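Here is the structure we will look at.
The values are calculated or read from the model by the stated rules, or taken from the named source; none is laboratory data. Keep in mind the model is a prediction, meaning the values are calculated, not measured. So basically every Cβ, Gly included, is an ideal-geometry build from the backbone, and we count neighbours across all protein chains shown. The area values use the complete protein model at the heavy-atom level, side chains included, leaving out ligands, DNA and RNA. Shrake-Rupley method; radii C 1.70, N 1.55, O 1.52, S 1.80 Å.
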Amino acid sequence: MPAPISDIATGSALRTRPQGEPERQPDPALVDAVDTARAAAEEEAAAGNDPIGSPLLAVEVGDGDAVGAYSGVVSETEDAATHYFEATYPGYVGWRWAVTVATAGPDEPVTVSEVVLLPGPDALTAPEWVPWSERVRPGDLGAGDLLPSEHDDPRLAPAPLPGDDPAEELHHDIGTGRNRVLSREGRLQAAERWHAGDFGPDTETAQLAPGACGTCGFFLPLAGSMRAAFGVCGNELAPADGRVVHVEFGCGAHSEAEVDTSSTIPVAEVVYDDTTLDYESRDPGADE
């Protein structure tokens, strides 16, 4: 959206032209056609008209209320210029009416070429459109949703790959293989994501664990090249049950964890039992 290039009072140029481009001097009649442009904007903004062509938008304004202060003029060519007026529609703060006027030549009448409502430099507008495939985030996919992968997805490669896991080649040979498998880039991305995730070695849970997953009996190592670093937790009572965990992750449900049941209070080596009473019989004649 170009900003106005002339000051309302002086008409001095405000927009920077590309280097080498000669300055265009519009017909003075175009610059002076402010009233003509305002009348066209007010007609377009009349109550009941929709400034953006949407049948869902109903704007209730009085005559002339939707066209605000004059903002300036932009020279399009020697025979065309665009005048800007502030829009006062609710919800259109910072938007402007852009009215392009033109003339066929000197001493020819000025006519209105186009009237549109456009966002100004400080207007609140929607963010730049991003394809849906790039907006999807982990957890967005629900039951029945489809997320097809691209044919040139760098995370995937044709199967089997030379030097790939033997299990992949075996599955392919017996007719149950996959057309594509994780490429080296795909595996590195997965490994980095799992390493930095909630079940990686740097989490608080791992730091306080009595042992690492790699030494736990509930640890199910992954097959192939991921085996050395990752596996799946098979302990239903563990926080990572059914999740991919790093071999250096750990939790309090480690299979070899032991609880110290000894007393934390020091006990003397000689123990006296105060619950019984020892006594000796006395001979009545001993005192005589």
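Pull out all pairs, ordered by first then second residue, where Cβ-Cβ is under 6 Å, the residues are six or more apart or on different chains, the first lies in segment 247-265 and is open to solvent by 70 Å² or more (accessible area, probe 1.4 Å), and the second is at pLDDT below 90.
none
Output the residues belonging to segment 90-102 that are of a type outside the set (A, V, I, L, M) and over 17 Å from Ala39 (Cα atoms).
At the first step, the residues of segment 90-102 found to be of a type outside the set (A, V, I, L, M) are 90-92, 94-97, 100.
Selection gives Pro90, Gly91, Tyr92, Gly94, Trp95.
Tell me yes or no: at least one residue of segment 112-120 is surrounded by fewer than 10 Cβ atoms within 10 Å (Cβ to Cβ) and at pLDDT 80 or above. Walk me through how you get there before you give the answer.
Of all residues in segment 112-120, those surrounded by fewer than 10 Cβ atoms within 10 Å (Cβ to Cβ) come to none.
Within segment 112-120, not a single residue is surrounded by fewer than 10 Cβ atoms within 10 Å (Cβ to Cβ) and at pLDDT 80 or above.
Within segment 177-233, considering only strands (runs of 3 or more DSSP E) that don't extend past its boundaries, which have at least 1 residues that are surrounded by 14 or more Cβ atoms within 10 Å (Cβ to Cβ) and modelled with pLDDT of 90 or more?
Details: elements: 180-182, 219-221, 230-233.
Because the criterion is at least 1 residues that are surrounded by 14 or more Cβ atoms within 10 Å (Cβ to Cβ) and modelled with pLDDT of 90 or more, the strands (runs of 3 or more DSSP E) in segment 177-233 that meet it are 219-221, 230-233.
Look at Val247 and say whether it is at pLDDT 95 or above and either over 28 Å from Leu188 (Cβ atoms) or within 33 Å of the chain's Cα centre (by Cα) (or both). Working first, answer last.
On the way: at pLDDT 95 or above: yes; either over 28 Å from Leu188 (Cβ atoms) or within 33 Å of the chain's Cα centre (by Cα) (or both): yes.
Yes.
Give the number of residues within segment 205-237 that are free of Cβ contacts under 8 Å to residues at least 24 places away in the same chain and over 19 Å from His195 (Cβ atoms).
4
Under 8 Å between Cβ atoms, at least 6 apart or on separate chains: pull out the pairs that start in segment 133-158 with a residue that is of a type in the set (Ser, Thr, Tyr) and end on any residue that is not in a loop (DSSP other than H, G, I, E, B).
From segment 133-158, the pairs are Ser149/Leu156.
Residues to consider are Ala81, Ala98, Ala102; find the one that is touching a helix residue (DSSP H, G or I) at 6+ places or on another chain (Cβ under 9 Å), open to solvent by less than 50 Å² (accessible area, probe 1.4 Å) and in contact (Cβ under 8 Å) with a residue 60 or more places away in the chain.
On the way: Ala81 fails: in contact (Cβ under 8 Å) with a residue 60 or more places away in the chain; Ala98 fails: in contact (Cβ under 8 Å) with a residue 60 or more places away in the chain.
Exactly one residue qualifies, and that residue is Ala102.
Within segment 140-168, which residues are open to solvent by 70 Å² or more (accessible area, probe 1.4 Å), within 15 Å of Ser225 (Cα to Cα) and either modelled with pLDDT of 80 or more or assigned to a helix (DSSP H, G or I) (or both)?
Pro166
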